[in-house]
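Just below is one structure, and these are the notes that go with it.
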Amino acid sequence: MMDILVNLSAGFSIMFTPMAILLCLLGVFAGITFGAIPGISPSMAVALLLPMTFNLPPILGMVLLLGAYKGANYGGSVSAVLINTPGTPSAAVTAFDGYPMTKTGRVGEAMGISLYASVFGGIIGTVVLILFARPLALVALRFWPSEYFALTILGLTTVATMGGKNWQKALVAVVFGLLLNTIGMDPIAGTRRFTFGDIRLLDGLSLIPAIIGLFALGELFYNIEHYVKGTKFDKLAYKLPKLSYYLTVWKNIVRAGVLGTIIGIFPGAGGTIAAFISYDVEKRFSKNPEEFGKGSPEGVAAAESSNSASAGGALVPLLALGIPGSATAAVLLGSLLVHGLNPGPEMFVKEPELVYGMFASMFMANAFILLVGLLGAKLFVRVTDLKKTILYPLIFTFAIVGSYAVTSSMYSVVVCVVFGVIGWIFRRYGYPSAPVVLGIVLGSLAELSFRQALIIGGIESFYKRPLTLIMLAIAIAAVAAPIVSKRMKEMKERTEID
Amino acid sequence: MQLVFLAIVLALGWLAIRPFKKLRPYTGQILVLVGIFWIGLLFYFITFSFRVPRFASVATTGATVPRFWFYVLIPITLLALIPMLKGHDAPDEKPGNVWRVGIVFGTLVLSLVSFRYIGYYLSSAIFLVVVMWVLDSRDKVQLIAIPVGWVIFSHFFFARLLYVRLPIGTLFAGLFG
């Protein structure tokens, strides 16, 4: 413990230099800007800044990139809250409650919660990273495919609470997403599946354009269908709430932060799954679960905190073992390798100043996110001041160019538009869109781990490994609990009426 | 071709629902279910035509998971159908101005197709003007300033700063290329 404190103070001493502070601020600002644009993922934001680090000392290069990584994670929520267009896949969960809050005039509240939850979630993730990097990374590595499969099933069970009254439709939607996810090359044997001769489908459906389509275009088509000339948004409360307000959601932030960090540690899991699971957990803990999906501050806090914390978790396997757990971590690994550094257990011994300098920069990045977020929030929310006649067409063009930017091809745009129509139809007929995203996000990991488990250990691997069994049991309970409690409530009401 | 089949299936579904007065308020919701089930069924049958590599594992093939999801879809579709059959679900909401959506969608598709010929910048500017017009915007300054502003912003931000190679179109490529 003493070692950690000594090394951390050395790391902070590096950070308190004008150049490091400037680069951290620049990284955060660029990250928030890129993250807020649909189609620019955190990994793209970091990759775009990567060439700038080649001539910098390794620690300063990492300060810039980590700032961008953390900033982009927060930036995704800005467009999600304001215009229901998640800048990053994980911000899709923030949109569930953030956008309804904006629509009902509570935009300041939504922006404030997403900002503070993101900052404190990020701090939780960083603290866990500093204290438990090595032991946690080793635990994550011992996970078998059957446990990964159980984790994805656990993630899929969040659909049980996501649908609310329409839980049957939510189940249909999630299976629809899982089915769509099987389009493309089979991950084990390379069989072409459902491509109908189109080679662009070999890589499967692009996730980001699909999300932009489902959420942004789907909502736009619906709004245009019901548009009445001269209507404006409800009067918006731009002002950020007082600090005391955030204390009402501190438990949600802490719980989701811890959960987000843990899930983020597992390679391939990532912030999106973390956000979905944390959202579900917080809904179960909440005294007002019926508010979730309609503008619940707890929902925004859970999604943002876990998403931000998972960034710290994703760095655990990277720094402790040299294994990148996410696309962004892979870009960061590339940056370290460019500078002749090999992440892994030895780096903690050989380059403590670099490692702890990176930890210190993550704390500083969180502080800058708070600063930029507070100063920028008033500016960001002015977007909703625009007339609908201007805002709607602009969201269309943003969505299209954002989708195009993902692969620089019209294929992504077509995916976006097709999912836009699906999102509109779903919205019209009461089918929630979020489970489709859940199915697409978790489908790949579920299939890969399921088949790997079958190949390695056969069907036995699902019931002979205790951790798999426990996780699957929790998943079954998670699905059954709301249904059983609803039934019991109905029966109780009936007996009371009788 | 698959879309034509889907349309035929939906039309048949619609015809099947019409005689049942109780089901008519749920026409849209049921057709969504029919559409999803059809896609699942189509995928299921296609799995039988997969070429399985010789080295493929006996335990699983590329067909395993799609088939598994289809088996899951069957009971879930029935489960979703029950509240509608019982009349417990909320009926379809009344349609709004679907024509307006059709016009915007058509403009969007035309705009995307025209990327290849007149480029991103001009087609997105035209798209903005048309959609603003469809949404009853008649302010001439806005109708000019917004598309021009967007073109300038998208050029500097996406093309210059983020190096996104936006299509310039065969027309402009021919003129300036």
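The values are calculated or read from the model by the stated rules, or taken from the named source; none is laboratory data. From a predicted model like this one, the values you see are computed outputs, not experimental measurements. Glycine also receives a Cβ, built like all others from the backbone with ideal geometry; neighbour counts cover every protein chain displayed. Note: accessible area is taken over every heavy atom of the protein model, side chains too, but ligands, DNA and RNA are not part of it. Shrake-Rupley method; radii C 1.70, N 1.55, O 1.52, S 1.80 Å.
So which helices of chain A fit the span-like rule, where a helix is a whole DSSP H run, its Cα atoms reach 18 Å or more along the axis, and its mean Kyte-Doolittle is at least 0.5? For chain A, where a helix must reach 18 Å along its axis and average at least 0.5, the hits are A:2-15, A:18-36, A:58-83, A:107-141, A:167-181, A:250-265, A:297-321, A:352-380, A:388-407, A:410-428, A:434-457, A:466-497. I'd like the Kirkwood hydrodynamic radius of region A:215-352, using the inverse of the mean 1/r over distinct C-alpha pairs, in Å. Taking every pair of different Cα atoms in region A:215-352, averaging 1/r and inverting gives 17.6 Å.
For A:ARG193, the residues 5 or more places off, or on other chains, whose built amide H falls under 5 Å of its own are A:GLY184, A:MET185, A:ASP186. Interface residues of region A:189-214, defined as those with an accessible-area decrease of at least 30 Å² between the chain by itself and the complete set of protein chains (probe 1.4 Å), are A:ALA189, A:THR191, A:ARG193, A:PHE194, A:PHE196. Legend: distances between Cα atoms for A:LYS103/A:LYS387; A:LYS283/A:LYS489; A:LYS103/A:LYS486; pairs beyond 22 Å are A:LYS103/A:LYS486.
For region B:5-47, heavy-atom accessible area (probe 1.4 Å) falls by no less than 10 Å² from the chain alone to the full protein assembly at B:GLY28, B:GLN29, B:VAL32, B:LEU33, B:ILE36, B:ILE39, B:GLY40, B:PHE43, B:ILE46.
So how much slack lies between A:ILE4 and A:VAL349, counting 0.36 nm per residue of separation and subtracting their Cα-Cα distance, in nm?
Gain in length upon complete extension: 123.0 nm.
As a fraction of the 1.4 Å probe accessible area of the protein assembly as shown, surface on carbon and sulfur atoms comes out at 70 percent.
Rounded, prolate or oblate: which fits chain B when a ≥ b ≥ c are the square roots of the eigenvalues of the alpha-carbon gyration tensor, with rounded for a/c under 1.5 and prolate only if a/b beats b/c? In terms of gyration-tensor shape, oblate. Accessible area per residue for region A:73-212 is 27 Å², calculated with a 1.4 Å probe on protein heavy atoms, without ligands, DNA or RNA. Panel note: contact residues of region A:449-476 (accessible area lowered by at least 30 Å² against the chain on its own; 1.4 Å probe) correspond to A:PHE450, A:ARG451, A:LEU454, A:ILE455.
Here is the interface size for A with B: some 5900 Å² of accessible area buried, both sides summed, with a 1.4 Å probe. Per residue of chain A, the DSSP helices (runs of n ≥ 4 H) give a summed -39500 (n - 2.57) that works out to -24500 deg cm²/dmol at 222 nm. Taking the inverse of the mean reciprocal distance over all distinct Cα pairs, the Kirkwood hydrodynamic radius of chain A comes to 22.9 Å.
Over all other residues within a Cβ to Cβ distance under 11 Å of B:LYS94, the charged ones net out to -2, with Lys and Arg as +1 and Asp and Glu as -1. Eigenvalues of the alpha-carbon gyration tensor of region B:97-177, scaled by 5 and square-rooted, set the equivalent ellipsoid semi-axes at 24, 16, 11 angstrom, largest first.
Report, to the nearest 10°, how far helix B:64-86 tilts away from the longest principal axis of the Cα atoms in chain B, using its own Cα long axis and a range of 0 to 90°. Between helix and principal axis, roughly 80 degrees. Other residues with beta-carbon under 15 Å from the beta-carbon of A:ILE470 carry, at +1 per Lys or Arg and -1 per Asp or Glu, a net charge of +2. What does the C-alpha gyration tensor say about the overall shape of region B:1-95? Classify as rounded when a/c is under 1.5, otherwise prolate if a/b is larger than b/c, or oblate. Taking the square roots of the gyration eigenvalues as a ≥ b ≥ c, region B:1-95 is prolate. For A:MET364, the accessible surface of its heavy atoms amounts to roughly 20 Å² (probe 1.4 Å, protein chains only, rounded to the nearest 10). Note that region B:1-56 presents 65 Å² accessible area per residue, ligands and nucleic acids not counted, probe 1.4 Å.
Each part gets one Cα centre, and for region A:257-325 versus region A:422-468 those centres are 18 Å apart.
When the helix-only estimate is applied to chain B (DSSP H runs of n ≥ 4, each -39,500 (n - 2.57), divided by the residue count), what is the mean residue ellipticity at 222 nm, nearest 500 deg cm²/dmol? The partial results should precede the final answer.
Numbers: 6 runs with 120 residues, N = 177.
Per the formula, -23500 deg cm²/dmol.
Round to a whole angstrom and tell me the spacing of the C-alpha centers of region A:367-409 and region B:124-165. First find each Cα centre; the distance between them is then 14 Å. Checking every one of the trypsin sites (Lys or Arg not before Pro) in region A:266-328 against DSSP loop status and a limit of 13 other Cβ atoms within 10 Å picks out A:LYS287. At a probe radius of 1.4 angstrom, the accessible area of region B:75-177 per residue rounds to 58 square angstrom.
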